[in-house]
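The structure under discussion appears below in the form of structure tokens.
The values are calculated or read from the model by the stated rules, or taken from the named source; none is laboratory data. These numbers were taken from a predicted model, which means no experiment stands behind them. Using ideal geometry, Cβ is built from the backbone for each residue, glycine included, and neighbour counts are taken over all protein chains shown.
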Amino acid sequence: MVISPERLRMLEVIMKLSIDNASRALSKTLRTGAKITLSKIYMADFNEATEKMNNDTREMTGIIVNFKGNLGCKMLFMLPLEGSTILTDYYLRQPVGTTKEFDDDTKSVAQELGNILASHISNSLVSDFNAKLLPEPPQVHNDFAGIIFSSLVMEQGILCDQLLLIETIFEICRTEISCYLFLLPELASLEKLLDAMGTRK
Amino acid sequence: MNDTHNIFTVGVGDAKITRAPHHLKTLLGSCIGIVLYDPIAKVGGILHIMLPKKTGNDSKLTKYADTGLPFFIAQLIKNGGASKSAMQAKIFGGAKMFETAGNLINIGEKNEQEVRKILKEEGIKIVAAKTGGTKGYNILLDTATGSVECRIFGEPISIY
């Protein structure tokens, strides 16, 4: 599948708005700056993308949200394991270092953060672009970064050798936490949405 | 085990072949990693399959066990100078991963069954296997010795 430059630009505008929304909501929840910046939107070769991510063997917490509706999409928020304990402390308004290890509280907080990100990303798309997006409950999994990423792209990789990846740079102020936030729209439904918006193929 | 310049990474649904001093690594979830090694020619490779059988017109043979394994064996012989009678197999992965993967939940087990069946048909002995569970596998093949360093998330390293 080829996506025209005009469509990629349109998608960039849409995603910037959605990500800004999510960024503000997360900052408010954590009471610290959460800066999410759109890094790039691109068609990636499935093998190359997974090969690149398979080089990242860090232990991470991955939160995957599936969206149903007229725009099928998946979101992956992934942060280092130790970062999830720091965010738990921020979320629970307790001194950083209180949470020592990943436990049920950390998992709940990770799910909640996934919910916040997913709902604010989808709200923008629903209100501004007439998309219908219904987030499913977030799934949390601790594993190597490359494995979590593969879980995100596996289903699309079976159907197609190309992926449309939306990559961000995600930083939490006052910490060294550097996270991943990927969005993986389902190509056929995305094309229909862009058709409806009148962008050139 | 080695400096990173000597290590090549295998992506999902892909295969790579190399010889000493190079190493190959990959990460596996529900996929199966098949390590084939010829101890005489000292050449080896990793095939990273996603599904047991090819369906449809997908041209990427290495995604599937039924098309990927015969292709991988042929490449090891043709390009690596390996001998089929000397080849040894080690298999890893096949974990049950995220629930969000829908009907892919139990694919790890089906992948393993198909891989074992094909290797038996090809007459290649499986000398080591570590499969199943719910966590990912990080494997590294040393082509000088054929040994595979395997780390399952949250567990210590084992050598196979």
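A few notes on this one:
- Those strands (runs of 3 or more DSSP E) lying entirely in the stretch A:116-181 with at least 2 residues of a type outside the set (D, E, K, R) and facing another protein chain (nearest Cβ under 9 Å): A:139-144
- Selected residue [buried (at least 21 other Cβ atoms within 10 Å of the Cβ) and modelled with pLDDT of 95 or more] from B:Val115, B:Val127: B:Val115
- For the stretch B:64-72, the criterion of being assigned to a helix (DSSP H, G or I), within 13 Å of another protein chain (Cβ to nearest Cβ) and either more than 13 Å from the chain's Cα centre (by Cα) or surrounded by fewer than 19 Cβ atoms within 10 Å (Cβ to Cβ) (or both) is met by none of the residues.
- Some residue of the stretch A:78-100 being within 30 Å of A:Lys192 (Cα to Cα) and within 14 Å of chain B (Cβ to nearest Cβ): yes
- Contacts under 9 angstrom Cβ, first residue in the stretch A:131-144 being β-branched (Val, Ile, Thr), partner part of a strand (DSSP E or B), 6 or more apart: A:Val140/A:Thr61; A:Val140/A:Gly62; A:Val140/A:Ile63; A:Val140/A:Ile64
- Filter result for A:Lys40 (within 14 Å of chain B (Cβ to nearest Cβ) and either charged (D, E, K, R) or part of a helix (DSSP H, G or I) (or both)): no
- Flag if B:Gly11 is more than 22 Å from B:Ile126 (Cβ to Cβ), within 11 Å of another protein chain (Cβ to nearest Cβ), within 13 Å of the chain's Cα centre (by Cα) and surrounded by 24 or more Cβ atoms within 10 Å (Cβ to Cβ): yes
- When A:Leu71 is tested against the conditions (1) under 23 Å from A:Thr175 (Cα atoms); (2) of a type outside the set (Ser, Thr, Tyr); (3) not in a helix (DSSP H, G or I), the lone failure is (1).
- If the condition is being more than 11 Å from chain A (Cβ to nearest Cβ), farther than 15 Å from B:Thr131 by Cβ and touching a Phe, Trp or Tyr at 6+ places or on another chain (Cβ under 7 Å), then the stretch B:48-60 contributes only B:Lys53.
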